[in-house]
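What follows is one structure encoded as structure tokens, with my remarks underneath.
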Amino acid sequence: MKFRKDKDIIKFIGISLGAILAGIIVFLYIKPFSTIGFLLIMGGLIGLAAGLIAATKSKEDLIEDERSVKVREKAGYSAFIATLLIASMISLLRLLKISPSLTPSRDVAEVVQDIWITGLWIFIVFRWYYNKKGDIE
Amino acid sequence: MRTRIKELRARYDLTQEELAKKVGVRRETIVFLEKGKYNPSLKLAYDISKVLNSKIEEVFIFED
């Protein structure tokens, strides 16, 4: 397998490795911020994996074309609907108190409700905006 | 929808990669187009037809 070694790839992989290292230090030695450390490690790992995958592909394979944009939009829309459905189910569980073990705490339920309302409003606003705009670039 | 991209590409001795580069898309997109698994935008259909010196309806064939 051939790896590209151009400046962008090296920079991206370097930043990812830096994030992992910083995350490990924060996670192990700065206890009050251990969550941030964990997030840095996870972000760094995802970045590293993405960088390595990108390094195996030619530059032309990575250009944004209409199909990749459509694929991303479709995936984003599906992810949004899935998030709303999961948020609705969690809210419903809390409302009906079906199973105490599955019922989220008050804090979690409030956050989920906020995500649900914010997501829905942003969706409505964006749909209106893109509908007005058309899609001629 | 089926396309004659593969056949016309061969006529002009173009690889998938070369055609992709000429119309500004990924090679993958040309692969999916040739398999009939992707509906291109009117602009992309026009660009491909132009590169292949054909009319859109000669390259992209819609069957009822």
Using alpha-carbon pairs under 8 Å, 6+ residues apart, how would you state the relative contact order of chain A in percent?
18
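For the range A:17-124, what does the convex hull of the Cα positions come to per residue, in cubic angstrom?
For the range A:17-124, the hull spanned by Cα atoms encloses 157 Å³ per residue.
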Just round it to a whole percent: the fraction of Cα-Cα distances in the protein assembly as shown exceeding 33 Å.
44
Quick check: pseudo-label points 7 Å beyond the Cα along Cα→Cβ at A:Leu85 and A:Trp128, how many nm apart are they?
2.8
Accessible-area value, A:Lys132, 1.4 Å probe, nucleic acids and ligands omitted, Å²
150
Extended-chain gain in nm, criterion 0.36 nm per residue less alpha-carbon gap, B:Glu58 and B:Glu28
8.6 nm
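Below 13 angstrom from the Cβ of A:Lys11, what's the summed charge of the other residues (Lys, Arg +1; Asp, Glu -1)?
+1
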Keeping to pairs on different chains or 8 or more places apart, tell me how many lysine pairs in the range A:7-62 have Cα atoms under 23 Å apart.
4
Can you work out the accessible area per residue across the protein assembly as shown, with the rest of the protein chains kept in place, probe 1.4 Å, in square angstrom?
74
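Rounded to the nearest 0.05, what FRET efficiency do A:Ile24 and A:Glu64 give with R0 = 41 Å and r taken as the Cβ-Cβ distance? Could you check?
Result of the calculation: an efficiency of 0.75.
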How large, in percent, is the carbon and sulfur part of the accessible surface of chain A at a probe radius of 1.4 Å?
71
Could you report the buried accessible area between A and B, both sides summed, computed with a 1.4 Å probe and given in Å² to the nearest 100?
1000
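Relative contact order for the range A:7-62: what is it in percent, counting Cα pairs under 8 Å that are at least 6 residues apart?
Computed over the range A:7-62, the figure is 39 percent.
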Count, for each residue of B:40-53, the Cβ atoms from other chains sitting within 10 Å of its Cβ, then give me the mean as a whole number.
1
Translational D (Stokes-Einstein, µm²/s) of the range A:7-62 at 37 °C and 0.692 mPa s when Rh comes from the Kirkwood sum over C-alpha pairs?
281
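The values are calculated or read from the model by the stated rules, or taken from the named source; none is laboratory data. Fair warning: this is a prediction, and the values are worked out from it, not measured in the lab. Every residue, glycine as well, gets a Cβ built from its backbone with ideal geometry; the counts of neighbours run over all protein chains shown. Accessible surface areas use protein heavy atoms only, side chains included; no ligands, DNA or RNA. Shrake-Rupley method; radii C 1.70, N 1.55, O 1.52, S 1.80 Å.
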